[in-house]
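Visitor: Sharing a structure below in structure tokens format, with a few things to ask.
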Amino acid sequence: MKITKAIIPAAGLGTRLLPATKAIPKEMLPIINVPAIQLIVEEAVKSGIKDILIVVSQTKNPIIDHFDYNYELQQRLIKKNKKELAMMIKKIGDIANIQFIRQKEPLGLGHAIKCGKIFCGNDPFAVILGDDVVKNLPNEKPALRQCIETFLKTNSCVVGIQKIKKELVNKYGIVIPKDKKKEVEKIFTLKGLIEKPSITKTISNYAILGRYVLTNDIFEALEKTKVDQSGEIQLTNALKILIKKGKKVSACQFTGKRYDLGSKIGFVSATIDYALEDPEIKNDIIKLIKDKVDK
Ligand code: G1P
């Protein structure tokens, strides 16, 4: 069985990065010169995904434009003898088979996934969140690929996790391993999940970091998932329903450096790290940082 479909929810408001996100979707903010959502789509493609559904909202049309051709710009670049740039922007339109759907109300991640029911049909599918960019070393598999391989091994829904600091648990979906001893392993079965628990309540500090592989019965669970105190339908709570029904849900501790692009610090550290790998500017950036430190 192959996982070839993915949903990318991109309908959120991006309040933590206002005013930058007042008129620009947070997913379009660039890491150097590449919009974050393009990095996410590239990770999906490298993981074997062919068909992508991006769930957008009313203010997210620049995302749709980004994955379309821009024939006029292409022609202008060709006329200016910038054929390579013209090819590069055209390639973005060919990256994958990308479709879009609008989430008409801001009812949370679970509701955004529900918008993909027809797109997924009976197939299992991946979910990858735009806030969580993961940079893998050249010899590592992409984070989503690691989760897909866990799905194929365990034949169960999978959430991609990493260990986070205890004081941050109230910002994430937290997973509870079934067998405490198995926690050290890269893959383990879950006893439960809690969406954004209070710091005092926490039983583990393994956080779901924006990568999921789900089976079709998640849609039924999402139908049964009640709106929470923040007025949203949580994907975490739908997964909890599946566990309660006796379905196996697994966690994959993926490797790679993860950046929370919805936060100022995550955004800046991603920018620095990607800049340090960009051959065009790498040396200048090192010099710039050195000069600042020396002062
Ligand atoms: C969502 C999920 C949460 C997950 C997080 C990862 O929360 O609900 O379980 O840990 O993404 O970034 P959000 O950040 O949309 O509030």
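Visitor: Which residue, of LEU29, LEU53, LEU17, LEU13, is within 16 Å of the ligand (Cβ to nearest atom) and either under 21 Å from ASN97 (Cβ atoms) or in contact with a strand residue (DSSP E or B) (Cβ under 9 Å, 6 or more places away or on another chain) (or both)?
Guide: Details: LEU53 fails: within 16 Å of the ligand (Cβ to nearest atom); LEU17 fails: either under 21 Å from ASN97 (Cβ atoms) or in contact with a strand residue (DSSP E or B) (Cβ under 9 Å, 6 or more places away or on another chain) (or both); LEU13 fails: either under 21 Å from ASN97 (Cβ atoms) or in contact with a strand residue (DSSP E or B) (Cβ under 9 Å, 6 or more places away or on another chain) (or both).
Among LEU29, LEU53, LEU17, LEU13, only LEU29 is within 16 Å of the ligand (Cβ to nearest atom) and either under 21 Å from ASN97 (Cβ atoms) or in contact with a strand residue (DSSP E or B) (Cβ under 9 Å, 6 or more places away or on another chain) (or both).
Visitor: Where the second residue is in a loop (DSSP other than H, G, I, E, B) and charged (D, E, K, R) and the first is in contact (Cβ under 8 Å) with a residue 12 or more places away in the chain and surrounded by 21 or more Cβ atoms within 10 Å (Cβ to Cβ) and lies in segment 11-25, which pairs have Cβ atoms under 8 Å and are six or more apart or on separate chains?
Guide: Within 8 Å, the pairs are ALA11/LYS60; GLY12/ASP131; PRO25/LYS60.
Visitor: Give the residues of segment 226-238 that are polar (S, T, N, Q), in a loop (DSSP other than H, G, I, E, B) and either more than 22 Å from the chain's Cα centre (by Cα) or farther than 16 Å from ILE7 by Cβ (or both), sorted by residue number.
Guide: GLN229, SER230
Visitor: Of the numbered conditions (1) more than 10 Å from the ligand (Cβ to nearest atom); (2) modelled with pLDDT of 95 or more; (3) not polar (S, T, N, Q), PRO177 fails exactly one; give the number of that condition.
Guide: (2)
Visitor: For segment 16-56, which positions are hydroxyl-bearing (Ser, Thr, Tyr) and either assigned to a helix (DSSP H, G or I) or out of contact with any helix residue (DSSP H, G or I) (no Cβ under 9 Å at 6 or more places or on another chain) (or both)?
Guide: Matches in segment 16-56: none.
Visitor: Give the residue, chosen from LEU209, LEU239, LEU235, LEU222, that is buried (at least 20 other Cβ atoms within 10 Å of the Cβ), at pLDDT 95 or above and in contact with a Cys (Cβ under 9 Å, 6 or more places away or on another chain).
Guide: LEU239
Visitor: Using the structure shown, decide if THR59 is assigned to a loop (DSSP other than H, G, I, E, B), surrounded by 14 or more Cβ atoms within 10 Å (Cβ to Cβ), more than 16 Å from the ligand (Cβ to nearest atom) and hydroxyl-bearing (Ser, Thr, Tyr).
Guide: The answer is yes for THR59.
Visitor: Something else: Scanning segment 118-137 for residues that are among the hydrophobic types (A, V, I, L, M, F, W, C) and farther than 17 Å from PHE254 by Cα, which turns out farthest from the ligand (Cβ to nearest atom)?
Guide: So, considering only residues that are among the hydrophobic types (A, V, I, L, M, F, W, C) and farther than 17 Å from PHE254 by Cα, the one farthest from the ligand (Cβ to nearest atom) is ILE118.
Visitor: Turning to a different aspect of this structure: Tally the residues that are under 20 Å from VAL45 (Cβ atoms) and of a type in the set (Phe, Trp, Tyr), restricting the search to segment 59-93.
Guide: Residues that pass the stated criteria total 2.
Visitor: So which residues in segment 274-295 are touching a residue at least 60 places away in the same chain (Cβ under 8 Å) and either part of a loop (DSSP other than H, G, I, E, B) or loosely packed, with under 15 Cβ neighbours inside 10 Å (or both)?
Guide: The answer is ASP278, ILE281.
Visitor: Name the residues in segment 248-273 that are hydrophobic (A, V, I, L, M, F, W, C), in a helix (DSSP H, G or I) and in contact (Cβ under 8 Å) with a residue 12 or more places away in the chain, would you?
Guide: Passing the criteria: PHE267, ALA270, ILE272.
The values are calculated or read from the model by the stated rules, or taken from the named source; none is laboratory data. Being a predicted model, the structure only gives us computed values, none of them experimental. Using ideal geometry, Cβ is built from the backbone for each residue, glycine included, and neighbour counts are taken over all protein chains shown.
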